[in-house]
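Asks: Supplied in structure tokens, the structure appears directly below.
Any read-out appearing in this document is the output of simple, stated calculations on the displayed coordinates, not a laboratory observation. Values in this document were obtained by computation on a predicted structure and should not be read as measured data. For neighbour counting, all protein chains shown are included, and Cβ atoms are generated from backbone atoms with ideal geometry for every residue, glycine included.
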Amino acid sequence: MEKILQVKDLELSFNTFAGEVKAIRGVNFDLYKGETLAIVGESGSGKSVTTKSIMRLLPENSAEFKNGEILFGGRDLTKLSDKEMQKIRGKEIAMIFQDPMTSLNPTMPIGRQLTEPLLKHQKISKAEAKKVAIDLLRLVGMPKPELRMKQYPHQFSGGQRQRIVIAISLACNPQILIADEPTTALDVTIQAQILELMKDLQKKIDTSIIFITHDLGVVANVADRVAVMYGGKIVEIGTVDEIFYNPQHPYTWGLLSSMPSLDAADEKLYAIPGTPPDLLAPPKGDAFALRSEYAMQIDMEQNPPFFKVSDSHYAATWLLHPDAPRVEPPATVIERMKKFPGSRYYEGSRV
Amino acid sequence: MAEKLLEIKNLKQHFNVGKANEVRAVDDISFDIYRGETLGLVGESGCGKSTTGRSIIRLYDATSGDVFFEGENVHGKKSKKDLKKFNRKMQMIFQDPYASLNPRMKVMDIVAEGIDIHGLAKNAAERKQMVFDLLETVGLNKEHANRYPHEFSGGQRQRLGIARALAVDPDFIIADEPISALDVSIQAQVVNLLKELQEEKGLTYLFIAHDLSMVKYISDRIGVMYFGKLVELAPAEDLYKNPMHPYTQSLLSAIPLPDPDYERNRVRKSYDPAVHNYAEGEDVRMREITPGHFVQCSEREFESLKATSARI
Ligand SMILES: Nc1ncnc2c1ncn2[C@@H]1O[C@H](COP(=O)(O)OP(=O)(O)OP(=O)(O)O)[C@@H](O)[C@H]1O
Ligand SMILES: Nc1ncnc2c1ncn2[C@@H]1O[C@H](COP(=O)(O)OP(=O)(O)OP(=O)(O)O)[C@@H](O)[C@H]1O
Ligand SMILES: [Mg+2]
Ligand SMILES: [Mg+2]
């Protein structure tokens, strides 16, 4: 498979009054052409910062690349000038932000916000751009798009704003689409439409998608592969089946155990105990160790490397070291593993 | 649970009235909220959930209709003092944590805003301690008090919004998608927290959200909105087991589950309002099908829904 983007040993910090916030602490991943890679993980773990660093959208005065490279089309994006980046942004790599208000201009009617990138990156007339814009709005499920072109962002609901942002990002048929919580503000039916839309686009122009979300149901629906982030690092990466049916990292176990199920009884939800690591002074060993009932002595001292589970599945936990004791994952995780050929709990039948 | 804390009667909120782009964001809805319950509100993006919440706490003046809080009309003429009293009793946690936090204020002052307005702290030391406690309650810590909103992740900001709402010790909280920006483990923490606070303080919630598995988990009753109207209202369990309005059925069939095999084989039901085939001027309104289970329907649909549910 062709690699369209490679993130290598990425380290990035913010210089703040309180000190150096080590937000990204050695992130590695490849993005293949036409695939959807989902990034999940704790709030504050560095998902948005990772993708914003690809787009070079971090505040220049405080964000600092410490190490690593981001390779796209033979170039290292961390080294490009602002001007070169401008040509890539919005055209070759587009991004949908977590919060639609940050990417919409509150003082400009949404129609113009849609036609501007079209006029900038494509050779079309104003009238054509307007037609494309209306079509895009209709495509993302906006009722009466013609009438709403003249309205301002505050006149739309949260979910409608997000759909406008999605329409803008799709306008130029990008090679890579980075979607940061694109459907969080949407109801499940519109969400399903948007996910279909993104999949269609992917089929049509072979776009690669990086999809950040907290909704594991959405991940199960869209992802080919999943990267799990914790404390500024990727702690586990694998195919969607490997992560959901054969997870190896205790943080991934915690994540999968925190979901309420639709037929769950009225008991308390499981929440991972403790607080996220302090990125001003990240712990020496495994950043998750202090919150994990599976932690061993070595977790406090040394950062675990990636252990290979399969050709496509890696996890950074000392539990995978040949000398580590065998531990029982949580019950809900064992239930999942029963469905996965190759897991030690596999029961042969898959529903 | 029989005591009504809020009564919403024929509430309408229309924007741009009389223009081509008139929006009937909330179009004649009525429901009650009982003291100590959580009423979930779900529905299509843009159907009017936030507007309903905002009208209830009077961020907007309603186009028409009434909202009674403990029997008093919130939308009638009110003195500044009365409004202040309502403002303390009813708090809102907003959908959009970016827009709702002042970027130039430190966390300490953001969280303490309500404490200051209502004079709830005796002195600076007490104010500080209250803020520290609130930060801890929402899973942050006191070191965060000196930072500015932009230094926080999306999820962390949402927790600030919750701390701020809790600061004035309200009776009723409208939580407008309070957890959508949080990771699942913190969602679980926040939902557990909201439930605990409810038990401790007898809080009442209007909980607006898209994550239907969470809504079901936290709510006693759930209302489903579609294009400015309430189309179904039922006890949570009942709504999931026996959804009656075709829009509710479509909504439930679209819930994504954290199971790739299931997702690859999922079948969605779509909703087309044309299925009702209502005649011009037909009397379509909320009707009670089984005890506590209301559906917007015509007389004809009512009969058939009643017949069907009698068979179950
Ligand atoms: N401009 C900034 N200055 C200082 N610290 C920052 C800045 N932006 C982000 N951070 C910090 O970097 C870390 C990673 O933040 P990021 O926004 O990537 O989290 P995230 O994984 O996207 O979380 P969420 O799921 O809540 O959106 C956090 O600890 C955050 O506080
Ligand atoms: N200030 C306003 N001016 C004009 N129209 C508005 C205004 N505020 C909201 N609307 C419209 O009212 C309708 C309802 O909006 P509302 O924000 O209540 O939806 P919602 O159900 O909360 O949606 P979401 O789930 O996307 O947040 C939408 O069509 C929206 O465009
Ligand atoms: Mg983020
Ligand atoms: Mg809303």
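Asks: Which shape class applies to the range B:128-206: rounded if a/c is under 1.5, otherwise prolate when a/b exceeds b/c and oblate if not, where a ≥ b ≥ c are the square roots of the Cα gyration tensor eigenvalues?
Replies: oblate
Asks: Quick one: putting +1 on the C-beta of Lys and Arg, -1 on the C-beta of Asp and Glu, what dipole do you get for the range A:213-296 around its Cα centre, in Debye to the nearest 20?
Replies: Charge dipole, the range A:213-296, about its Cα centre: 360 debye, nearest 20.
Asks: For peptide B:209-219, compute the average count of partner chain beta-carbon atoms within 10 Å of each residue's beta-carbon.
Replies: Mean inter-chain Cβ contacts per residue within 10 Å come to 5.
Asks: Taking each residue of A:214-226 in turn, how many C-beta atoms of other protein chains fall within 10 Å of its C-beta, and what is the average?
Replies: Partner Cβ neighbours, averaged per residue: 5.
Asks: Calculate, for B:Lys269 and B:Lys122, the FRET efficiency according to 1/(1 + (r/R0)^6) with r their C-beta to C-beta distance and R0 35 Å; round to the nearest 0.05.
Replies: Efficiency at R0 = 35 Å is approximately 0.05.
Asks: Looking at the range B:213-306, what % of the alpha carbon pairs are farther apart than 24 Å?
Replies: It works out to 25 percent of all Cα pairs.
Asks: While we're looking at this one, here's another question. Along the charge dipole of chain B, which of B:Ala121, B:Ile8, B:His293 sits closest to the positive end, that is, farthest toward it, with unit charges on the beta carbon of Lys, Arg, Asp and Glu (+1, +1, -1, -1)?
Replies: B:Ala121
Asks: Here's another thing I want to ask about it. Under 5 Å between amide H atoms, partner at least 5 residues away or on a different chain: which partners does B:Glu232 have, H built in plane at 1.01 Å?
Replies: The list, which skips near neighbours in sequence, is B:Val224, B:Gln296.
Asks: About its Cα centre, what dipole magnitude does chain A give when the only charges are +1 on Lys and Arg Cβ and -1 on Asp and Glu Cβ, stated in debye to the nearest 20?
Replies: My answer is approximately 1560 debye.
Asks: Would you be so kind as to identify which of A:Ile88, A:Thr239, A:Trp253 lies farthest towards the positive end of the dipole of chain A, taking Lys and Arg as +1 and Asp and Glu as -1 on Cβ and the Cα centre as origin?
Replies: Farthest along the dipole direction, towards plus: A:Ile88.
Asks: Return the subset of A:Lys33/A:Lys204; A:Lys130/A:Lys150; A:Lys233/A:Lys308; A:Lys52/A:Lys130; B:Lys81/B:Lys106; A:Lys144/B:Lys9 for which the Cα-Cα distance in this structure is over 20 Å, preserving the input order.
Replies: A:Lys52/A:Lys130; B:Lys81/B:Lys106; A:Lys144/B:Lys9
Asks: In whole Å, how far is the Cα centre of the range A:199-271 from that of the range B:108-154?
Replies: Distance between centres, Cα-based: 33 Å.
Asks: Could you give P(r) for the range A:281-335, binned at 10 Å from zero, as whole percent values over all Cα-Cα pairs?
Replies: Spelled out bin by bin, the range A:281-335 gives 23, 51, 25, 1 percent.
Asks: Where does chain B land at 222 nm, in deg cm²/dmol rounded to the nearest 500, when only DSSP H runs of n ≥ 4 count, each adding -39500 (n - 2.57), divided by all residues?
Replies: -10500 deg cm²/dmol
Asks: Within 10 Å of each Cβ in B:174-185, how many Cβ atoms from other chains are there, averaged over the peptide?
Replies: Going residue by residue through B:174-185 and averaging, the value is 6.
Asks: Between B:Asp220 and B:Thr137, what's the calculated FRET efficiency when r is the beta-carbon distance and R0 is 22 Å? Round to 0.05.
Replies: Working from the Cβ atoms, E equals 0.45.
Asks: Choose one of B:Thr204, B:Ile255, B:Met225: the residue whose Cα lies farthest towards the positive end of the charge dipole of the range B:171-312 (beta-carbon charges +1 Lys, Arg; -1 Asp, Glu; about the Cα centre).
Replies: B:Ile255
Asks: Along each principal axis of its Cα atoms, how long is the protein assembly as shown end to end? Whole angstroms, biggest number first, please.
Replies: Ordered largest first, the protein assembly as shown gives principal extents of 68, 64, 56 Å.
Asks: For q = 0.24 Å⁻¹, what log10 I(q)/I(0) does the range A:35-97 give under the Debye formula with an equal point scatterer on each alpha carbon and no solvent?
Replies: With no solvent term, the Cα-only Debye profile gives -1.26.
Asks: Now for a different question. Under unit Cβ charges (Lys, Arg +1; Asp, Glu -1), what dipole magnitude, rounded to 20 debye, does the range A:45-154 have relative to its Cα centre?
Replies: Rounded to the nearest 20 debye, it is 420 debye.
Asks: Rg (Å, one decimal) plus Dmax (Å, integer) for the alpha carbons of the range A:131-249?
Replies: Cα radius of gyration and Dmax of the range A:131-249 are 15.9, 51 Å respectively.
Asks: Within 10 Å of each candidate Cβ there may be at most 12 other Cβ atoms; applying that plus a DSSP loop requirement, which GluC sites (Glu not before Pro) in the range A:192-272 survive?
Replies: Filter output for the range A:192-272: A:Glu267.
Asks: Got a sec? Which residues in the range A:276-297 would a label at A:Asp323 touch, if it sits 7 Å along Cα→Cβ and we count backbone N under 16 Å?
Replies: Answer for the range A:276-297: A:296-297.
Asks: Under a 5 Å amide H to amide H cut-off, with H placed in plane at 1.01 Å, what residues pair with A:Phe307 once short-range neighbours are removed?
Replies: Those lying under 5 Å, H to H, from A:Phe307 are A:Ala315, A:Ala316, A:Thr317.
Asks: Right, another one. Can you tell me how much longer the chain between A:Lys268 and A:Glu301 gets when fully stretched, taken as 0.36 nm per residue apart minus their C-alpha distance, in nm with one decimal?
Replies: Between A:Lys268 and A:Glu301, full extension yields 8.5 nm more.
Asks: For A:Ser310 and A:Lys8 in the same chain, what is the full-extension length gain: residue separation times 0.36 nm, less their Cα-Cα distance, in nm?
Replies: That pair, A:Ser310 and A:Lys8, stretches by 106.7 nm at full extension.
Asks: Calculate how steeply helix B:184-201 sits against the longest principal axis of the alpha-carbon atoms of chain B, using the helix alpha-carbon long axis, and give the answer as 0 to 90 degrees to the nearest 10.
Replies: 80 degrees
Asks: If you take the alpha carbon radius of gyration of chain A and divide it by 2.2 N^0.38 Å, what ratio comes out, to two decimals?
Replies: Normalised by 2.2 N^0.38 Å, the Cα Rg of chain A equals 1.04.
Asks: With label points built 7 Å along Cα→Cβ from the Cα atoms of B:Asp66 and A:Ile124, find their separation and express it in nm.
Replies: Placing both labels 7 Å beyond Cα along the Cβ direction yields 5.3 nm.
Asks: Report the paramagnetic label zone for A:Asn15: residues of the range A:42-71 whose backbone N is under 13 Å from a point 7 Å from Cα along the Cα-to-Cβ axis.
Replies: Under cut-off, by backbone N: A:60-66.
Asks: As a test, work out the antiparallel percent of DSSP beta bridges whose residues both lie in the protein assembly as shown, rounded to the nearest 5.
Replies: 60 percent
Asks: Name the residues whose placed amide hydrogens come within less than 5 Å of the amide hydrogen of A:Tyr230, ignoring near sequence neighbours (fewer than 5 apart) on the same chain.
Replies: Long-range HN contacts for A:Tyr230: A:Val235.
Asks: Identify the trypsin sites (Lys or Arg not before Pro) of the range A:259-346 meeting these criteria: DSSP loop state and at most 14 other C-beta atoms within 10 Å of the C-beta.
Replies: Those that pass, being in a loop and sparsely packed, are A:Lys268, A:Lys284, A:Arg326, A:Arg344.
Asks: So, one more: So what's the projected area for chain B, the Cα convex hull averaged over all directions, in nm²?
Replies: Mean projected area for chain B: 19.0 nm², to one decimal.
Asks: Rounded to the nearest 0.05, what FRET efficiency is calculated for A:Met1 and B:Leu83 with R0 set to 60 Å and r the Cβ-Cβ distance?
Replies: 0.45
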